[in-house]
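Here the structure comes first, spelled out in C-alpha cells, and everything after it is commentary.
The values are calculated or read from the model by the stated rules, or taken from the named source; none is laboratory data. The shown structure was predicted, so the numbers you read here are calculated from the model rather than taken from an experiment. Using ideal geometry, Cβ is built from the backbone for each residue, glycine included, and neighbour counts are taken over all protein chains shown. SASA here: full protein model, heavy atoms, side chains in, ligands and nucleic acids out. Shrake-Rupley method; radii C 1.70, N 1.55, O 1.52, S 1.80 Å.
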Amino acid sequence: MTEPAPVAPADGTGTTPDEVGWRRLPGRMLLVGPATALLRLAPALVVLVLFGAGSGNSTQVWIAGAAVVVAVAVGVVRWRTTRYRITDERVELHSGLLNRQRRSVPRDRIRTVDLTAPLLHRLVGLSVVKVGSGQSGSDAGLDLDAVTTDEAERLRRELLARPAPARGPAAVADGTGTDRARVEGDGADGNGADGDSAARDGTVGPADPVDPAGEELDRIEWSSLRFAPLTVSSLAAIGALAGAGWNVLNETGLDPRSLPGADAVAGELSAAPVWAAVLVAVGLLLLVMVAGSIVLFVERWWDYRLSREPDGTLRVRRGLLTKRSLSVSEQRLRGVTVSEPLLVRALGGGAQAGALTVGLAGEDKDSGGGALGPPVRRAHAHAVAATAARATGPVTDGPLRAHPARARTRRLVRAVVPALVPAALLGVFAWFDGTVWPVVVGGVLVLLAVPLALDRYRALGHRLDERYLVARHGSLLRTTTALRRDGVIGWRVRQSLFQRRAGVLTLEATTAAGGGAVQVLDLDPADAVALMAAVTPDAVAPFRA
C-alpha cells in the first residue's frame, strides 16, 4: 500500500512543490478565522448583548456567547480539514468536514494570482492567495485563505512562472526561446496567439536580461484625489455604508435626534424657508459623500505601484488597511484600455488605464476589472497604457478615423426619441394640472439629449496601425480600446433593422481577453470589410470572393 504524502508543518513552508506533498494552512489561521467571523456578526452580537443586559434577559447573552463558541469551533475545523498541494500540472485544494470540497485548477489555465491581506491577516503575517483561471463554474479558480506572507509571494512567482522551453529543432527560429508546441497548445484552448507574439512584443523570456528588482512603471499621485468624488463606484460605496449605519442605529434603538444639539438644529431648519432647508440638507449630503469618497479612495489606492516584475508579469500593488497585489502574465496581455467616465472627463480631465488580458474579465471587481491604476490625468493614463503595452509611442491616444454622418443621425434619434416620452407625459400632466413647470422640465430633457448625442458621435472612431486595432465609443463612459492585431481570433458582424436602413453596421473583433470582443459601432460596410481583410486576410478572403 502506498503511504500518504507527508503533511507540511503548520507554518506552511515545510514541503516543497517538488515533493508533491500536501500542505496545511499555518496555525495562525486559528486566530484570524474566528476573529473575521465575529467581526461580521459584530452588529448582531452587540444588539443581543445590549438588549439582553438592559432587559435582564440572560437568554440573549447566552446566544451571543454560543455564537462566539461556534465561530471558534468552525475556525478550528476549517484549519484541520483544509490542505492544498501544487504539482507540475495542477493546483489542488481540499477542504470541509460535512460538506467536503475538492477544487483543482490546471496550472496552464492560471491567468492571475491575486494577493490580498486584510488588516487582521496583516497583523499576524498572513495573506490570501486568489488563483484565477478566467473560467466559470468548477474551473473558476480557488482561494488559499490564508498562507504566510513569504509563502504567498513564493506561490505568486511559482504559479505565474512558465517552464523554459528546450533549445533545439522544436524551438522557434526567431531566437525568442518560445516553444512552438506550447504556443499552439495555448492557442487551442481559445487564447489565440500566445507565446510567440508576446515574445515579439518584448515580453521577458529566457533570452532577455532581467532586472532582479523589477521595473517600476507608475506610482500614486495624490493630485488624483480630485477624481475621488467623481467616480460612481465611490459614491455607491458611500451610499451602501450610510445604509448599513442607519440599519445599525435602528437595530440598537438609537435615535439621532437624541444627540446633543440635534433639537436646536432641527428647530433652526424648521423655522427657515423651505429652499434654505433643502439647500442645507443637500450641502451636508454632498459634504459627507465627498469626504467619504476621499477616504475610500485613500484606502483603496494607498501606496499604489505598477511594476513589471522579472518573471514577466505586470503587478499592481495597493491598499491601506487591506493590502492587495494583482499579477498578470504579460504573455496574456492582448491590449490596453483607457476609460473616461463623464464626470471624471468633464470636470477633472481624467481617465483610467486598464489591461485587456486573457482571464481578467472582472477578476478585480472593487477597482474595475483589469485596472492598471487609479483615475489620473488623461495624458498620464494614455502614457501608462502605452508603457504597459511596451509601446514606444501612443497607443490609445492620437487621431481616429471618423464614422459616417449616418452614425450621427442615429445617435440623435436614439437620444432624442427616448427623451420625448417623459416630455410628453409631463406635457399631459401640465395640461390637466394647469402648471408650467412640467413643460419646462420636459423641454430641458429634450435639449440635454442633443449635446449628449453629438458627444457620443464625436467619441466614435477607429484606427488600424501596424500592431493595434484601436476603437473608441461612449459618452457617459467613453472607452478607448487598443487590441493587438494578433489577439483577434474572429469577427462578428451585427446589423439591426435600423442600422440596415441607415446603411451602417457594428463590427466586433472577438478575442479571448477582457469581455470577449471589441466593438466598432456604426461602421460603413465597405470600411468594415477593408478592416477585416487588413487584420485577418486569410480568414476573410473566401467571403470577399
- Query: Where nothing but the Cβ of Lys and Arg (+1) and of Asp and Glu (-1) is charged, how large is the charge dipole of the stretch 397-545 around its Cα centre, in debye to the nearest 20?
  - Reply: 200
- Message: Let me understand the stretch 342-464 better: what is its radius of gyration from the alpha carbons, and its Dmax, in angstrom?
- Response: 20.3, 65
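Efficiency by 1/(1 + (r/R0)^6): what FRET value for Val282 and Arg401, r their Cβ-Cβ distance, R0 = 35 Å, to the nearest 0.05?
Once the sixth-power term is evaluated, E becomes 0.20.
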- Message: Test of understanding: what is the full-extension gain from Trp437 to Arg80, defined as 0.36 nm times their sequence separation minus their Cα-Cα distance?
- Response: 121.7 nm
- Message: Under the 0.36 nm per residue contour assumption, what length would be gained going from the current alpha-carbon distance of Arg102 and Ala346 to full extension?
- Response: 82.9 nm
- Message: So, R0 is 41 Å and r is the distance between the beta-carbons of Thr392 and Val421; what FRET efficiency does that work out to, to 0.05?
- Response: 0.25
- Message: If packing is taken as the average count of other Cβ atoms within 10 Å, what order do 446-453, 491-498 fall into, highest mean first?
- Response: 446-453, 491-498
- Query: How would Ser270, Ser329 line up by accessible area, probe 1.4 Å, largest first?
  - Reply: Ser270, Ser329
- Query: Can you give the accessible area per residue of the stretch 395-545, in Å², using a 1.4 Å probe?
  - Reply: 53
- Binning at 10 Å from 0, report for the stretch 285-348 what percent of all alpha-carbon pair distances ends up in each bin. 18, 33, 35, 12, 2
